[in-house]
């Protein structure tokens, strides 16, 4: 689906006109292409207090062949880096900023007092103007709930307000996140860095992610981290589901594409193109969960499930007939629950299986005319929270919550509401189905086992929220 | 401060013009006045599954002299109520709605399966049009994290999406909340019901509050629940702080009003009017915390502290000089932390003391040009979260997070931004300082001891969020 204004505002004539009229000029977002480096430019490293992630960062940057420069707030980075065979120098030696930056990574794990957080201010005060368009900012902290000292917990929690404000002011397609790295997970940062520093996270911003220690080995091949994995994608015949199937196949997965029998032709086409398999089933059918578990067992057990299938049936509650409540809740919530249960009970999942549920910002913030939809999508978050601690060790379940994504579904929204949805976020535009797909691919990767029970919004930092 | 559009749109001519032009017509919100009943009209009671709060609701409604009617979703309410000497009947016996309602209270604690939640839909489908303007909706559930069964946790969590959507579609000044009542806290609902059902909660909507069991006895006098309590209010010379001091005094408290020495005249006037005491101190001064603890000890220990004092120093981070970061963080975060610590260490708080910190939706959602402010206000949330489990048993600490509140501070915001802030919420208007004050008074009440470590937004369900 296309965003005519985005295209216009970035044409030669449109850009001039938008400039004259003071109209917003959303930046065309960079997206992943095969063969690209993870970060196409210099990464500035900053830190405060006594940072705890520098060795882990060094190892990860070396593995992903990223070029780093040091902010004055981080002591000894260049010496450490050069010793490890990674070229690195001081970004700026005086008042003048150094060269352009594609990313800033600030290690905030050492911030134990509010006063120490001034280093955070200094680093971004110095560097933010040097960030190139579609740049990336990552602040790495410690989970406040795991901090032994109250002031440390306070300052770590304060990072969230900083990150969300910075995400709103950087503009130019720059994405800003906060990753809380639990003690013990330091050496397992690479997969998360690769996602958040690369164009794969184009439409994810202002998010807070927690990384816990885990046991799975890193992928042997970062180009195809899902090689050999069998993964079910529901609602795969079109839109976001088709994009998910495609992205997972690109990353090496054998995709089982599921959709309703009425969509069989489109489903078959997607499955054939991806050398996957089609499964024509209506998940609203009470027999479906059993049939799906059967299919998984016949495959020798699946490595992942993406619960993407979902419907909307918008009406204000006073005007909503009962079947719109029932049908929607059945498809969006009961079916996900029943499929998980059948797969788990029958042992139809591999020991390190990953479940990803598609929620929605509507489930987080609520939406007029969507009591049924928001109930179901908040329920999906409930499902993730309640299942995460109950899953067999090694498995994980998470949700993605898309904001305004350009699809046939959103193309049908009346113009004024569509435009509001598109612009009311920090990217000034809607996301693409591939943005949701890339986020799901990251959650399915062996490198993401430490992400469990979480909700990651793919919404360009939509203004809409709790 | 006044909202000219609100007044205009509710004048005879303005209302006609607004109607013709399709402009929003925000409803003048009802606010608490002495002598009013808690709820000025009928309360509809609904329920699903096997509800667990009906006896507690019955006792609370009787105590607050509320008139109830039963929705068809709740079995046996009228019999129970009549037996207890509370007049109650079935609201509607057929297809036609019953009489007008001032509130709907839905006991969702019995919802153990997704299918059972259809009762929730039914109740609000039937009743929502009968809600009077400035009506109240309360959905009462069980904390998902305390549910022993996964599906129960899922459906309880799903309530949040429902409540937030309903809050967005009811309009007409109607406020909608979700209260999670922990097992054991059933009999302690009254204080929370009194707040959320009355006009005291005028500008609070779309909120989720958790109520844990506690030991404090209910107030002997609901008109002056703070009678005899000594409470410090910082930043009390004007604006929201003055309103807080005034509301606490109305509720019986002896207020210690603190502000900077430069505001001494205004401060003295507020303190005299409320028969309280003035304390002219700059909390940014490192000696202040000790002096405050000294004052508390001289008073024999305080029962509450309201950390309202705060400043803004807006600049995008690239343009922000270091002192704007330092000064703001000192006043908004370090001072709160230091005062709490001094009071606790020196034993200058009563055993059931209550601490209330003023955060901001900017600390939750982030805001352009406010990296310093949002850092400090997210830090306040961190302070509340980290202190709550560390406080001596019997004490509690919570935050309120105001949205757009009409003050001299907001009157200085440029018109277009001010109008956006005012209208981008479910009430279509800004809040008044008294709305923040009423919420703080509720948190300070002996009846709220079971509310601890929480953040309650006073924002009219502002669109801005995480």
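Values in this text are rule-based calculations from the coordinates and carry no lab data. Predicted model only: the values in this text are computed from it and were never measured. Quick reminder, even Gly has a Cβ in these numbers, built from the backbone with ideal geometry, and neighbours come from all protein chains shown.
How compact and how long is the stretch A:347-393, expressed as Rg and Dmax of its alpha-carbon atoms in Å?
13.3, 41
How well do other chains shield peptide B:312-324, expressed as the mean number of their Cβ atoms within 10 Å of each residue Cβ? Show your work: numbers first, answer last.
On the way: counts 0, 0, 0, 2, 8, 15, 10, 3, 3, 1, 4, 0, 1.
The per-residue average across the peptide is 4.
Normalise the Cα radius of gyration of the stretch B:368-430 by 2.2 N^0.38 Å (N = residues in it) and let me know the number. The partial results should precede the final answer.
Values: Rg = 15.7 Å, N = 63, 2.2 N^0.38 = 10.6 Å.
That ratio works out to 1.48.
Tell me whether the stretch B:31-211 comes out rounded, prolate or oblate; compute the Cα gyration tensor, take square roots of the eigenvalues as a ≥ b ≥ c, and use a/c under 1.5 as the rounded threshold. Write out the running numbers ahead of the final one.
Working: a/c = 1.28, a/b = 1.20, b/c = 1.06.
Note, shape of the stretch B:31-211 comes out rounded.
Between residue A:409 and residue A:227, what is the FRET efficiency for a Förster distance of 35 Å, r being their Cβ-Cβ separation, to the nearest 0.05?
Working: r = 32 Å, r/R0 = 0.91.
The pair residue A:409/residue A:227 has a calculated efficiency of 0.65.
Short version: what are the Cα gyration tensor semi-axes of the protein assembly as shown, square root of 5 times each eigenvalue, largest first, in whole Å?
On the way: eigenvalues 358, 269, 136 Å².
Sorted largest first and rounded, they come to 42, 37, 26 Å.
Rounded to the nearest 500 deg cm²/dmol, what is the calculated helix-only ellipticity per residue at 222 nm for chain B, with -39500 (n - 2.57) per DSSP H run of length n ≥ 4? Don't jump to the answer; show the numbers that get you there.
Numbers: 17 runs with 171 residues, N = 466.
Helix-only estimate at 222 nm: -11000 deg cm²/dmol.
What is the antiparallel percent of DSSP beta bridges lying wholly in chain A, to the nearest 5? Show your work: numbers first, answer last.
Working: 1 of 56 bridges.
The answer is about 0 percent antiparallel.
Rounded, prolate or oblate, given the Cα gyration tensor of the stretch B:230-458, with a/c below 1.5 counting as rounded?
Values: a/c = 1.42, a/b = 1.36, b/c = 1.04.
Note, shape of the stretch B:230-458 comes out rounded.
Does anyone have the angle between helix A:239-250 and the longest principal axis of chain A? Alpha-carbon axes, 0 to 90°, nearest 10?
Roughly 60 degrees between the two axes.
Would you mind ranking A:319, B:230 by Cβ crowding within 10 Å, fewest neighbours first?
Working: A:319 12, B:230 20.
Ordered from fewest to most neighbouring Cβ atoms within 10 Å, A:319, B:230 come out as A:319, B:230.
Taking a label point 7 Å out from Cα toward Cβ, give me the nm distances from residue A:315 to the same spot in the other copies, shortest first, one decimal.
When each copy's label point is compared with this one, the spacings are 5.6 nm.
Taking the label point 7 Å from Cα in the Cβ direction, how far apart in nm is residue B:221 from each other copy of itself, listed shortest first?
Label-point distances to the other copies, shortest first: 7.9 nm.
Please state the shape class of chain A: rounded when a/c is under 1.5, otherwise prolate if a/b exceeds b/c and oblate if not, all from the C-alpha gyration tensor.
Working: a/c = 1.76, a/b = 1.39, b/c = 1.26.
Prolate shape, in that a/c is at least 1.5 and a/b is the bigger ratio.
Compute the acute angle (0 to 90°) between the alpha-carbon long axis of helix B:288-298 and the principal axis of greatest extent of the alpha-carbon atoms of chain B; round to the nearest 10°.
It is inclined by approximately 70 degrees.
For the pair residue B:75/residue A:33, report the inter-label distance in nm, with labels modelled 7 Å from Cα in the Cβ direction.
According to this spin-label approximation, the distance is 6.6 nm.
For residue A:59 and residue A:187, compute 0.36 nm times the residue count separating them, minus their Cα-Cα distance, and round to one decimal in nm. Present the calculation step by step, with values, prior to reporting the outcome.
Working: separation 128, 0.36 × 128 = 46.08 nm, distance 0.83 nm.
Roughly 45.2 nm would be gained on extension.
Nm distances between the label at residue B:13 and the same-position labels in the remaining copies, 7 Å along Cα→Cβ, shortest first?
For residue B:13, the inter-copy label distances come out at 4.5 nm.
Any idea what the relative contact order of chain A is, in percent, if you count C-alpha pairs under 8 Å spaced at least 6 apart?
Numbers: 1003 pairs, mean separation 67.7, N = 466.
Once divided by the residue count of chain A, the mean separation gives 15 percent.
Considering only chain A, pick the residue with its Cβ nearest the axis of the rotation onto chain B, and state the distance in whole Å.
A:465, 1
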